Structures are given as structure tokens and as C-alpha cells.
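Shown next, in C-alpha cells, is the structure this report addresses.
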Amino acid sequence: MLKIKVLDQYFIRQYLATVLFSLLICTLITVAIDFSDKVQSIIEKPCTWKDILAYYTGFTLHMAGLLLPLYTLIGVVFFTSRLAFNSEILSVLNAGVSFGRLLRPYMIAGSIVVAVHLLLNHVVTPYTNVWKLYFENTFVWTDQEKGRSSNVHFLVSPDTKVYIRGYNKLSQSGTGLRLEKLVNNRIASILEADNMKWKPDIQRWELNNYSVRTFDGLRESYKRYNTPLDTAINLAPQDFVYYQNQNQAMTTGELLTAIERDRSRGIANRSYEIEMQRRTADAFTNIILTIIGLAVAGRKVRGGMGLHLALGIGIGASFILLSKFAVSFAISGTVPVILGMWIPNIFFSIIAIWLVSRAQK
């Protein structure tokens with residue numbers, strides 16, 4: 001059983017308190033900047049104080065989940081540099097404590113931050129992002145809806161194509177349905193319907209005035225039906241309407257469902273997979289940046305705390321820049337999604353190992 005000694009408790013308290021302080025200060029700054037950017041919309045649009053409160057609750061948690069590794073790095077560098085400047089780190093090492101032993105309380109505190117970050121990313125922020133995105137789409141960026149209403153094409157499975165001439169999202173109905181099924185890259189059947197309507201009670205589409213044309217080699221058969229048909233198509237009303245960044249408001253379960261749905265359709269929609277991997281990869285970044293922060297700030301240097309903070313902010317900015325490049329590579333398909341989202345962690349893990357090997361012993 002791991003025994004946490006007095007020295008461990010001291011470092012853990014310093015770690016968590018400084019990271020929390022860094023989180024609060026940086027969050028206040030981001031909220032102030034965001035408010036100054038959206039104050040005109042808040043004044044002009046008919047939003048209530050409840051809408052504003054819900055938005056900034058979601059915004060605060062979203063930014064915390066997005067930038068927590070950077071806040072962690074700044075907090076670790078800040079308090080470790082202060083300890084090094086006061087010769088506390090040097091005294092601990094001179095007392096016979098190895099660097100690996102000194103790292104233990106940092107790893108314990110970092111693991112606590114990782115657990116909190118995982119909870120935020122996978123459980124909390126998807127729900128609060130609903131409030132954030134509702135406010136932005138309703139009162140700020142009202143043109144973010146990317147609805148499909150005419151000449152809509154879907155690949156609902158690897159061998160089934162759907163075309164809809166027109167769709168009305170209010171009545172959840174469409175006109176001019178054409179459903180093609182392929183066998184060995186050849187059309188096996190075509191179903192056409194004058195109109196279609198979603199029946200939410202049975203989760204199916206009702207087709208009216210439809211016909212079915214089948215092909216068997218050179219033989220062709222055609223039948224037309226006037227009675228309504230309830231049919232299951234791998235398509236739902238929400239597929240016709242989507243918003244930018246709507247994957248941020250999806251729970252982990254909904255993301256997994258969406259990923260599996262797109263795979264069954266033969267669609268390579270990487271945005272859901274990227275968001276899923278980001279939620280886990282970002283959390284484990286805290287451990288890596290904790291090690292880097294200790295290795296950078298644990299040595300007393302002439303520049304003091306200012307130099308350490310500058311190095312910490314520089315490392316954090318480099319990490320964010322590399323993360324953006326990795327996301328671009330993952331979206332374009334240059335690298336697999338899981339590799340693309342973990343590239344920054346892999347790269348900075350190598351840097352962390354190198355810094356630890358050269359750290360003051």
C-alpha cells in the first residue's frame with residue numbers, strides 16, 4: 001500500500017492549490033475576453049439572465065476541459081520554481097531524496113487532475129456544452145445551422161444509396177425519395193416514393209405512393225403500390241440538420257453510437273472519432289506536462305521564476321500548436337485518428353524523458 005508521507009502531502013497540497021489558482025485566474029481572463037466579444041449580442045438579442053448564466057457555466061467548463069493541461073503546466077512551473085528559488089528543492093535532494101522519489105507526489109497529484117479531467121471531458125462538459133452551443137447558435141452565430149433541405153444524398157449503408165428531392169425539418173417529411181440497393185456494384189433494386197414522413201412512435205419512415213423496380217440480369221420487374229409502407233431506413237430526422245461543433249455536445253455514449261452508425265453506412269466521418277480520442281488524450285497530457293514542469297523548474301537558475309514561467313508558457317504554446325497540426329493530419333486522413341490525437345503526447349513524452357535524464361539529481 002502506498003504511504004503518503006508529510007513531504008508528499010506538502011507537495012501535493014502545493015500542486016493542487018497552485019493549479020486551481022492558475023485555473024481560476026486564466027478562466028476569469030477568458031470569460032472577460034469572451035464577454036467583451038459577445039456583449040453586443042447579449043444587449044441586442046432577447047436573451048435572459050438565465051441564458052447568459054447557463055452559457056457561461058458551459059463556457060467555463062468547456063475552456064477548463066480544453067486548456068487544463070496548459071493550466072497544469074503553468075501551475076507546476078510556478079510553485080516548483082518558487083520552491084527552487086527558496087532552495088527547498090535543493091534541500092530535499094541534499095537530504096538524500098532521489099529525483100524519482102521527488103517525482104512521486106507530483107505523479108499522485110497529477111493523477112488526481114487526470115481523473116478530474118476525464119470526468120469533465122466524458123461526463124460533465126458534454127451536457128453543459130448543450131447550453132453553450134444553444135446560446136451561440138440562437139443569439140450569436142445564427143447562421144451555424146447546416147441543414148439539408150433539397151437534393152439530399154445519403155449513403156445509409158455500404159450498398160444502399162438514398163436521394164431525397166426535398167425535406168422539411170418542421171414536419172419531418174420529404175418528397176421525391178429514391179432508394180437504390182447495389183449488389184456487386186450493380187443496381188439490384190430501386191424504390192421510389194412520392195413522399196415520406198417520420199413516425200417517431202415506431203422510429204420508421206412512412207412511404208406513400210411508392211414503386212419498386214428490381215433487376216435480375218436482363219430481366220426487370222416493376223410494381224406500384226398505393227397503400228402506405230412503414231419501412232426502416234438507416235436515416236433519422238437529425239441527420240438532416242447539424243450544427244458546427246455539435247460533437248462537443250454529444251456524450252461519450254452518443255459519440256460511440258454515431259461512430260458505429262457512420263461505419264455501418266460506410267462513411268468515414270472523422271470528427272466524432274477525433275472528439276472521442278481528444279477527450280482521453282488531453283487528460284493524460286496533464287501527467288506528461290507535470291513531469292516536464294518539474295524537470296524545467298526544479299533547478300535554481302539565474303533568471304529565476306520569470307525564466308521558468310517563460311519556458312513553461314513556451315512549452316505549452318508548442319504543445320497546443322502541435323495539437324492543431326495533429327488534428328489537421330487526422331481530419332485529412334494522413335494518419336489514423338488515434339495516432340493523430342496521441343502524437344503530441346508521444347512527442348512530449350520523449351521530451352519529458354530527456355528532461356528527466358538531465359534534471360538536477
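The values are calculated or read from the model by the stated rules, or taken from the named source; none is laboratory data. Predicted model, so just to flag it, every value in this text is computed and none were measured. All Cβ positions, even for glycine, are placed from backbone atoms using ideal geometry, and neighbour counts span all protein chains on display. Just so you know, the surface numbers come from the protein's heavy atoms only, side chains and all, with ligands and any DNA or RNA stripped out. Shrake-Rupley method; radii C 1.70, N 1.55, O 1.52, S 1.80 Å.
Of note:
- Applying the criterion of at least 1 residues that are at negative phi, of a type in the set (F, W, Y) and open to solvent by 40 Å² or more (accessible area, probe 1.4 Å) to the strands (runs of 3 or more DSSP E) found wholly in region 172-227 leaves 204-216, 219-225.
- Filter result for S81 (within 30 Å of D8 (Cβ to Cβ) and among the polar types (S, T, N, Q)): yes
- Single unsatisfied condition, F135 versus (1) of a type in the set (F, W, Y); (2) crowded, with 19+ Cβ neighbours inside 10 Å; (3) farther than 30 Å from T57 by Cα: (3)
- Residue selection: S150 satisfies the criterion of being more than 30 Å from T48 (Cβ to Cβ) and open to solvent by 70 Å² or more (accessible area, probe 1.4 Å).
- Subset of region 73-89 (residues that are touching a helix residue (DSSP H, G or I) at 6+ places or on another chain (Cβ under 7 Å) and open to solvent by 20 Å² or more (accessible area, probe 1.4 Å)): I74, F78, R82, F85
- Odd one out for Y242 among (1) under 25 Å from V140 (Cβ atoms); (2) at pLDDT below 85; (3) in contact with a helix residue (DSSP H, G or I) (Cβ under 7 Å, 6 or more places away or on another chain): (3)
- Region 40-86, residues that are of a type in the set (D, E) and at pLDDT 85 or above: D51
- Residue pairs meeting the criteria (Cβ under 8 Å; at least 6 apart or on separate chains; first of a type in the set (S, T, N, Q), in region 327-352; second surrounded by 14 or more Cβ atoms within 10 Å (Cβ to Cβ) and part of a helix (DSSP H, G or I)): T334/G340; N345/A281; N345/F284; N345/T285; N345/I288; S349/I288
- One residue alone among V130, V97, V116 is out of contact with any helix residue (DSSP H, G or I) (no Cβ under 6 Å at 6 or more places or on another chain) and either open to solvent by 40 Å² or more (accessible area, probe 1.4 Å) or assigned to a helix (DSSP H, G or I) (or both), and that residue is V116.
- Any hit, region 347-359, residues being of a type in the set (K, R), modelled with pLDDT under 85 and not in a helix (DSSP H, G or I): yes
- The set of residues in region 260-276 being over 17 Å from L133 (Cα atoms) and either at pLDDT 85 or above or touching a Leu at 6+ places or on another chain (Cβ under 7 Å) (or both) consists of R265, G266, I267, E273, I274, M276.
- Residue in region 246-265 that is nearest to D159 (Cα to Cα), counting only those that are touching a helix residue (DSSP H, G or I) at 6+ places or on another chain (Cβ under 9 Å), surrounded by fewer than 16 Cβ atoms within 10 Å (Cβ to Cβ) and not β-branched (V, I, T): L256
- Count - residues of region 32-50 that are open to solvent by 40 Å² or more (accessible area, probe 1.4 Å), closer than 30 Å to V116 by Cβ and of a type outside the set (S, T, Y): 6
- Residue within region 116-124 that is in contact (Cβ under 8 Å) with a residue 60 or more places away in the chain and under 26 Å from A359 (Cβ atoms) present: yes
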